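The values are calculated or read from the model by the stated rules, or taken from the named source; none is laboratory data. Note that the coordinates shown come from a computational prediction; the quantities given were computed from them, not determined experimentally. Because the Cβ atoms are built from the backbone with ideal geometry, glycine has one as well, and the counts that use them run over all protein chains shown.
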Ligand code: AVJ
């Protein structure tokens, strides 16, 4: 039989490409060559790996109706710094409350989730994860810890922190968006995925469904998910957390336009806009807006595009959805994530929810 290239009678010579990189057990074998170590212990996606172009994302949502933005654009270096400061504000109860829960419950959580690896989505500087790592090292002696974050300084800080305080822990930082990161994690390695701070609150309903479909798909049969979710509560408490007296939240939200100017060549100007926020009861979400303070023309020089931004017109920069934990547990069960535990504080302001991945056939019985 004549097959091109094999018809000459010679045995084909096979060249095996020898890769220099030794990949950790963290990565699934089919995905690992998408990654390279940009610096020790910090991995980046290869240039040609399929990745969303941030500028493209901005243009798409700014031309939507209403105009809005994906929350990850908030976290340039300055944005990540401002967010760290927000976490210390007296009005911003989320971080403190969740941290208290983690401190109290980490031993039980780790006991309930027998894993060899902790993957944290959006760790920032990983301060809150201390309690989980402590419990993991105490119970199992060692662990892999792999934060996934779009902020490089955050990953570096996390790496230094882990090296100093947890020398037994094998650290791999993944510099990527969440979905690009978790879809490369091996399903064979028992893993606890950790998604804290109520960052799920940033997802609109469509992104929420896409995120959990993909996360659940990326999880193996021995994997767990720990989710931090801010709860529906008194409107004044909620609104004060997103409209602090020092104006840090306003700085954080409007700083996104610096990043957008950089990425798209646009001419947004901080003194032609103001911050406004409020709780939308029907959607159970805080909505954070940039409001135009004058009729203006926004020009995107990298795209040859522009729009008029009339006075008082709003761009929805961020949403922060608030949850009912029982309903959230039910909803996630339809993504093959079965509830294992629910931890909350005395005021019932914040919930930590632990889920286990179940195989789809099992989930329906
Ligand atoms: C990081 C998304 C959890 O929604 O509370 C804080 C972001 N925005 N203040 C939140 C945020 C304004 C924060 N998350």
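Assorted remarks:
- Criterion violated by residue 97 - all others in (1) over 17 Å from residue 201 (Cβ atoms); (2) outside any loop (DSSP other than H, G, I, E, B) satisfied: (1)
- Verdict on residue 238 being within 16 Å of the ligand (Cβ to nearest atom), buried (at least 21 other Cβ atoms within 10 Å of the Cβ) and farther than 24 Å from residue 150 by Cβ: yes
- Residue match in region 203-211 (condition: touching a helix residue (DSSP H, G or I) at 6+ places or on another chain (Cβ under 8 Å), in a strand (DSSP E or B), within 16 Å of the ligand (Cβ to nearest atom) and within 20 Å of residue 338 (Cβ to Cβ)): no
- Residue 264 satisfies every condition listed in (1) surrounded by 14 or more Cβ atoms within 10 Å (Cβ to Cβ); (2) free of Cβ contacts under 8 Å to residues at least 60 places away in the same chain except (2).
- Residue within region 100-114 that is more than 19 Å from residue 177 (Cβ to Cβ), surrounded by 18 or more Cβ atoms within 10 Å (Cβ to Cβ), in contact (Cβ under 8 Å) with a residue 24 or more places away in the chain and within 16 Å of the ligand (Cβ to nearest atom) present: yes
- Per-region count, region 81-91, residues within 19 Å of the chain's Cα centre (by Cα) and either near the ligand (Cβ under 10 Å from one of its atoms) or not in a helix (DSSP H, G or I) (or both): 4
- Residue that is surrounded by the fewest Cβ atoms within 10 Å (Cβ to Cβ), among those in region 115-139 that are within 14 Å of the ligand (Cβ to nearest atom) and at negative phi: 127
- Residue check, residue 231 touching a residue at least 24 places away in the same chain (Cβ under 8 Å), within 15 Å of the ligand (Cβ to nearest atom) and on the phi < 0 side of the Ramachandran plot: yes
- Some residue of region 301-314 being touching a residue at least 12 places away in the same chain (Cβ under 8 Å), surrounded by 20 or more Cβ atoms within 10 Å (Cβ to Cβ) and in contact with a helix residue (DSSP H, G or I) (Cβ under 7 Å, 6 or more places away or on another chain): no
- Residues located in region 170-187, provided they are assigned to a loop (DSSP other than H, G, I, E, B), away from the ligand (no atom under 16 Å from the Cβ) and at pLDDT below 95: 176
- Extreme residue, surrounded by the fewest Cβ atoms within 10 Å (Cβ to Cβ), among residues of region 316-330 that are in contact (Cβ under 8 Å) with a residue 40 or more places away in the chain and out of contact with any helix residue (DSSP H, G or I) (no Cβ under 7 Å at 6 or more places or on another chain): 324
- A count restricted to region 58-76 and to residues that are touching a residue at least 24 places away in the same chain (Cβ under 8 Å), out of contact with any helix residue (DSSP H, G or I) (no Cβ under 6 Å at 6 or more places or on another chain) and away from the ligand (no atom under 12 Å from the Cβ) stands at 5.
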